[in-house]
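Bear in mind these aren't lab numbers, they're just calculated from the coordinates by the rules spelled out. Computed from a predicted structure; not experimentally measured. Positions of Cβ are generated from backbone atoms using ideal geometry, with glycine treated the same way; all protein chains shown enter the neighbour counts.
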Amino acid sequence: MATKKVTVTIPEDLLDEIRADAAERGLSAYVAEALRFKRDRDRLLELVDWLQEEHGPVTENERAAALAELDDLDAEHERRRTAGGHDAGEAA
């Protein structure tokens, strides 16, 4: 993958924290990963905006149902993790 060197200005205290966190990965890899994460998040927010324009905002009931479903999935993952001895490809 081609790369290009750029100059950015970052607050010194933040740079110190990032360098400590980046450690072995290196500052460039850490910053590239953070920028990809931010870009992906921005794209998801654009999708949410578009979906809300097309279908209207998510209702509280829909939000509660989605959160309940996520809780159920988390519980199932935890059950499988603690049960051990299962195949990664095992069906639910």
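Of note:
- Kirkwood hydrodynamic radius of the chain, Cα pairs, Å: 18.0 Å
- Between 0 and 90 degrees, the angle of helix 60-83 with respect to the longest Cα principal axis of the chain falls at about 90 degrees.
- Rounded to 10°, Cα long-axis angle of helix 12-22 versus longest principal axis of the chain: 60 degrees
- Since only Pro57, Thr3, Ala83 are under comparison, the one whose Cα sits farthest along the positive direction of the charge dipole of the chain, derived from C-beta charges on Lys, Arg, Asp and Glu, is Thr3.
- Relative to the dominant Cα principal axis of the chain, helix 27-55 is inclined by about 40°.
- Cα centre as origin, Lys/Arg/Asp/Glu Cβ charges: the chain dipole, Debye: 640 debye
- Helical content alone sets the calculated 222 nm signal of the chain at -24000 deg cm²/dmol, taking -39,500 (n - 2.57) per DSSP H segment of four or more residues and averaging over every residue.
- Assuming charge only on the beta carbon of Lys and Arg (+1) and of Asp and Glu (-1), the dipole of segment 7-57 about its Cα centre is about 220 debye to the nearest 20.
- Label-to-label distance, nm, for residues given as Ser28 and Thr3 (7 Å Cα→Cβ offset): 0.2 nm
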